[in-house]
Each structure stands twice: as C-alpha cells, then as structure tokens.
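Encoded as structure tokens, the structure appears first; notes follow it.
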C-alpha cells in the first residue's frame, strides 16, 4: 500500500468519493437511522452534516480536477526509465495547466457543475448571510467593511488559494534555476543527442561542472559523437529490441573509447549519479520492511545493510558463482593457516 500522503492516493480517494457520492450519502443516512449503537449513529450523523452540503461538493469538484492533473505527472516522475528532459517538460506542462485554471470562466464552470449535482441531490445553494453590524469599538469605520457573497468568499478563500498553493509548491520543488541544468544533462541521452539544439542545452548544464571538464574539448566531442556511427548503432540496436535507447546503452559503448570521448564520459558519470526519481529509495524501503521484520528486529546495522544490498541487487547476485564465493569465504577464515 502506498503512503496516504502520496498524490496518487489523494487523487484516487477524491475520485472514489466523487463517483460514489450518492451511495455514500444513502449509506450514512441508513446508518444514522437504523444503527443501534449510539456512538456509531452519532458519527454517521456528523459525517453526513459535513459532506451533505454545497461547499463540500464544490471542493470535491475542484480537488478532483487539480489532483488528477498532478497524478499523471507524479506517476511519470516515479517511472524507473524516466527521461529527465521529459520529466522537466511534464512539470512545466502541469504548472501551465494549473495556472490556466486561475480564471473566472473556469471557476464559473466548477460552480455550474456543482449547482447541477446539488439539484440532483436536493441540496440547497448557499444563501447570503445576514449582515451583522460591527461595533465601533472593534472597527471605527464599519461602513468600509467588505461583505462577500458565498460565491465570492469561496472563490477567494478556497479556489484561488488552493491553486496558488499548488503553483508555489511545484515551483519550490522544481527550482527554475536547476531545471535548465537537468534538462541540459538530459540531452546526453541517445535519443536527443543528435538534435540540433543538443549542445545549446548541454552548455547550460556544463557551466556548473567547468572545474571537472574541458568545455572546449567537450563541445568537439559532442559534435563528433552526433555524426558518428557509434550513436547511430546504439539507437538502431535499441530500436531492433523494440525499446528506447538509454543512458546506460550509450555510456557502455563510450567506455570502450575513452581517448575520443573522455569529457563526455565524465559528464555522463555525473548525470548517471544524479537521483532523478524517488523510486529507488522507495523500493529500498519496501525491501527494508520485508527484511527487518519482527523476527529479525535485533540485527546490527552492518548485517542489515548487507542483507539490503543482496535483496536490492538480486539480479547481480544471481550471476555470481557460488563455488567461488565459498572458496573466498574459506580463505578468509582466521584459523586457516598455510602448511608447508
């Protein structure tokens, strides 16, 4: 089970409530009227009062739209074979989509959709509250107080507020200063390296690693690689296997020619060590839950790390020769002595 705080879980929960709202209301009404245990009936009554109103349904409409927009991008960013350029583009698209919702026509569309749903459910539209006169001891000029209608209040306090929070959260997590660097490194991928704008984007990223690279030599190596059969063969091989050529494919081939592409190899090493997704860490935590169970809760850190490494890198472990490992283990025994 994924964490309840994940975007995917929130989006799925909102969608499930929205699609089964009538059934949820009917169930709560039945529990409220027929349940014999007072505390359960009281809880059902409280839930019904909180969700059987115009404000809740309008919030449901808005959040369903916003969270489903973010869910697609969240799923993409968690994919194991993520292309960093594609990832940056999807985040930019998400931000543009959220900002496109920040307008009056979109809010009016949500409002009208909620009105239609409330008519079906026999829920009344919110009415203007009676204006209360503010005492002069609190406000010297009560005439200047602004009284908002329920519609305007929801627009200001919820709709625009939640969209602003979403936009600012995305911008803080995907810093606009770091995005060009990640995007530039993404152009080292075999599928994008041959494009005309590759060096223009790569050069923006290289500015951060000038102390590790010869920039002029790197530019020449990139130009040479773009027109080489080496890059063409990598893409052709991946295409014949009905998959997309990866960084690893190109990196393995380049390592056979370090004299020609030394700086490209260095830059690709930097790129391949960047933690672009959270999937690896999440998989490790999933393994940790399986390994450190209640029956193994007292193991030391060194043993735990070794078991974790074996579990996470199981594909490498399966390729090892067990007989060779046994011989090495025997040789490491402290009592083993060479007899002449």
- Item | Point-to-point label distance, residue 327-residue 292, nm (Cα→Cβ direction, 7 Å offset) | 3.7
- Message: So the label point goes 7 Å from the Cα of residue 120 along Cα→C-beta, right? Which residues of the stretch 16-37 then have their backbone N under 12 Å from it?
- Response: 18-23
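Only the coordinates and a few stated rules stand behind these numbers; no lab work does. Note that the structure is a prediction, hence the values are computed from the model and not measured. Reconstructed Cβ throughout: ideal geometry from the backbone, glycine too, with neighbour counts over all protein chains shown.
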